[in-house]
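Below is one structure, written out as structure tokens; the observations come after it.
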Amino acid sequence: MDGKRNDYELVCKARLWPLIEMTARYYDFKKSDGCSPSFLSSIKRHLQHFMLWLKRQGFDSNQNRPEELTSMLLAGYRQMLAENESISLLTANQYIDHVRMLLLWGWQMHGITHPPIGSIKKFSVRKNAKNGHGRKQCREPLSWDELERLFLVADVTNTALLMLGLNCGFGNMDIGTLQLCDIDLENGTVSHPRAKTGVERHFCLWPETVRILKIYLARHRGKPANEEIGRLVFVGKRGNPLCWEKIDGNGRLKRSDAVRNRFQRLFEKAGLDRKYGIGFYVLRHTYATVIGSQSNDLREVQAALGQLTFTQQETYRHDRQVKSVSTQKKVRQQLLKTSIPQILRCKHSEAEIGEELPVNKNLLCKHN
């Protein structure tokens, strides 16, 4: 009885919080849950925008409680986003997502009620609610022909990054946070949680990936600037991580992304004319497209990408690792049909004997 009484008292106390306090507690909860600095910065930026808009409508977040929000206010915020021509549909949905996550967290964790969540539903990508707004990105997946061209001109470091992008669907921050203890090159495995969601991912490394990683670690990894950086797999020439982000003392997000810069130069060197949006992250889109086109099981795609969707399946199914490995085999089957394995063999030999070996001239002619 005492336990139930205490729970009831905690719920009653939480329902007295002003919106600003619930938001601060939500932020602290996400921070303690291990969310990445970029996601924490996104929470702060998007929810500040929401509360500034509420203030203009006469709703004071420092005084008014979350339960005083109305469906009309939430629908009005959504309408404002729809009419804002300076942001894209994707950006508008990010603003909406953060408000929805805040309200759902308040209810699930503290029993704080909110208006029907449908009053601030996301914009459908199938409708032209914000057609033509914002800057368009070129995130179309790479073709195998384009991938061959990248491999032909890539150095050892970029080749290792390319293989992890294809083998595991890694993004920039995955590369920046991958630690030596995450990989087992003898058994050919890698276990690394996705920085954005914290979802554990377990992959089998292909023989080609293991071999290029061994060469990189032995001859091309930079000298770490400190002990913490020394735990990472990828270290630049100046001793820093290839990709890092943190929140400084003023609450501002600081980020450095050498992976993006390396791949912008690599695309130019390979002669690939792709407009805004080129970079390493397009490999994750390519990985998702390849496994999606080869599978009718959405669970496989979810497991391989480390995404938090299909929550009911997450509760009742325990085959994430099996599905993840299954998708990798399908990607490798496609890779083996290309000239990339031959290109890799040449690069391995070149690195091992310390001199350049010619790549098959037929491959070079193919791309000229």
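What to note about this one:
- Packing here is the average count of other Cβ atoms within 10 Å per residue, and on that basis the peptides 37-46, 179-188, 162-171, highest first, run 162-171, 37-46, 179-188.
- Full extension of the chain between Asn261 and Asp145 yields a length gain of 39.6 nm, computed as 0.36 nm times the residue separation minus the alpha carbon distance.
- Once both labels are positioned 7 Å from their Cα atoms along Cα-to-Cβ, the gap between Ile117 and Lys337 label points is 4.0 nm.
- Taking the accessible area of segment 29-178, probe 1.4 Å, and keeping the other protein chains in place, the carbon and sulfur fraction comes to 49%.
- Sparse-neighbour loop sites [chymotrypsin sites (Phe, Trp or Tyr not before Pro); segment 206-244; at most 10 other C-beta within 10 Å; DSSP]: none
- Placing dummy labels 7 Å off each Cα toward the beta-carbon, the span from Trp107 to Glu186 is 5.1 nm.
- GluC sites (Glu not before Pro) lying in DSSP loop within segment 54-93, provided at most 12 other Cβ fall within 10 Å: Glu85
- Table column - 3J(HN,Hα) (Hz), segment 164-177, Karplus curve with 6.51, -1.76, 1.60, x for Gly and Pro: 5, x, 7, 6, 10, x, 6, x, 4, 6, 4, 5, x, 10
- Loop-located GluC sites (Glu not before Pro) in segment 202-271 whose Cβ has at most 16 other Cβ within 10 Å (DSSP): Glu227, Glu228
- Rg ratio (alpha-carbon, reference 2.2 N^0.38 Å) - segment 10-95: 1.17
- Per-residue SASA entry for Thr327, accessible area with 1.4 Å probe, Å² rounded to 10: 0 Å²
- Full-stretch length increase - Lys329, Gln79 - with 0.36 nm per residue and alpha-carbon distance subtracted: 85.5 nm
- Distance between the pseudo-spin-label points of Asp33 and Asn62 (7 Å out from Cα toward the beta carbon): 2.8 nm.
The values are calculated or read from the model by the stated rules, or taken from the named source; none is laboratory data. Computed from a predicted model, the values in this text were never measured in an experiment. Neighbour counts run over all protein chains shown; Cβ positions are idealised from the backbone, glycine included. The area values use the complete protein model at the heavy-atom level, side chains included, leaving out ligands, DNA and RNA. Shrake-Rupley method; radii C 1.70, N 1.55, O 1.52, S 1.80 Å.
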